[in-house]
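The values are calculated or read from the model by the stated rules, or taken from the named source; none is laboratory data. Everything quoted here is computed from the prediction, not taken from an experiment. Cβ: placed from backbone, ideal geometry, glycine included. Neighbour counts: every protein chain shown. Just the protein is used for accessible areas: all its heavy atoms, side chains included, with ligands, DNA and RNA removed. Shrake-Rupley method; radii C 1.70, N 1.55, O 1.52, S 1.80 Å.
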Amino acid sequence: MRNPLDYPLLVAVIAFFLMWFAAWVGRRLSRRRSDLTEEIRTDFGVVQAATLTLLGLIIGFSFSMATGRYDLRKTYEEAEANAIGTEYVRADLLPAADGARLRALLTQYTDLRIGFYRTRSPQVLQQINLDTARVQGELWAAASKPAVAQPSPVIALAVGGMNDVLNSQGYTQAAWWNRIPVAAWGLMFAIATFSNALVGYGARGMEWRLFMVLPLVVAISFFLIADIDSPRGGVIKVRPQNLVSLRAGLGAE
């Protein structure tokens, strides 16, 4: 089952209707009570402004967290391409047969890594992960066997490069798992709901269309944050441009 936060449009729709309903409830509650006096309204305005400011800060911090994670995923994609490209060149340090085997496996591995970045299907992703683990084992065997048979500093360079290839995949996977905590989303929704309720409660005969402004703005903000934070959902994705460029240089094998 996929994370609901992987559907930014769904997050935006839920946020909009929840915020609008909170504003409507606040307005209904204010009509059942006597109008706020000017003194009370002054204090109410301070509380309302502080709550809205806190909401803006939390949305800003969450957006910063999402963009930081997105940039980290892009950085690791570049690192993966560099590690694979370096190891492909270092395959020449191995015996001819072992080097050819290693280059063929690296080409296959690059295709799997490109598929990892592009797919959105959980079933396809599961198969890619299984194939990636299998090819990683074959890559390590192809690099380590010559080193065991003929240990030398030159062959050790190829083994070290293979270690970088395997580590870069692990760093990438960790970055894709690193998302904005669900608790932070819950806090944002709670404060946004309370803020809209305060806006509705403190309104003086505001037209119903104006009650849609703040919920719409909050919903768009939530949509953008969820879109950036979701590696496989929405329209903003990390594209494997470095891996694709590397694959074109490796040629069809």
Test: residue in the stretch 105-127 that is in contact with a Phe, Trp or Tyr (Cβ under 7 Å, 6 or more places away or on another chain), part of a helix (DSSP H, G or I), closer than 18 Å to residue 246 by Cα and open to solvent by 20 Å² or more (accessible area, probe 1.4 Å): no
Some residue of the stretch 45-55 being modelled with pLDDT under 80 and more than 30 Å from residue 123 (Cβ to Cβ): yes
Residue list for the stretch 48-85, restricted to those being basic (Lys, Arg) and open to solvent by 40 Å² or more (accessible area, probe 1.4 Å): 69, 74
Residue within the stretch 105-122 that is out of contact with any Asp or Glu (no Cβ under 6 Å at 6 or more places or on another chain), free of Cβ contacts under 8 Å to residues at least 12 places away in the same chain and closer than 30 Å to residue 14 by Cα present: yes
Residues (of a type in the set (S, T, N, Q) and either open to solvent by 70 Å² or more (accessible area, probe 1.4 Å) or out of contact with any Leu (no Cβ under 9 Å at 6 or more places or on another chain) (or both)) located in the stretch 130-151: 144, 150
When residues of the stretch 163-182 are limited to those that are of a type in the set (A, V, I, L, M) and over 14 Å from residue 3 (Cα atoms), the one surrounded by the most Cβ atoms within 10 Å (Cβ to Cβ): 165
Any hit, the stretch 188-209, residues being among the aromatic types (Phe, Trp, Tyr) and at pLDDT below 90: yes
Where residue 179 falls short, out of the listed (1) under 30 Å from residue 85 (Cα atoms); (2) assigned to a helix (DSSP H, G or I): (2)
Count of the stretch 6-41 residues which are at pLDDT 85 or above and part of a helix (DSSP H, G or I): 19
Residue satisfying all of: in the stretch 213-253; within 12 Å of residue 114 (Cβ to Cβ) and assigned to a loop (DSSP other than H, G, I, E, B); most open to solvent (accessible area, probe 1.4 Å) among these: 239
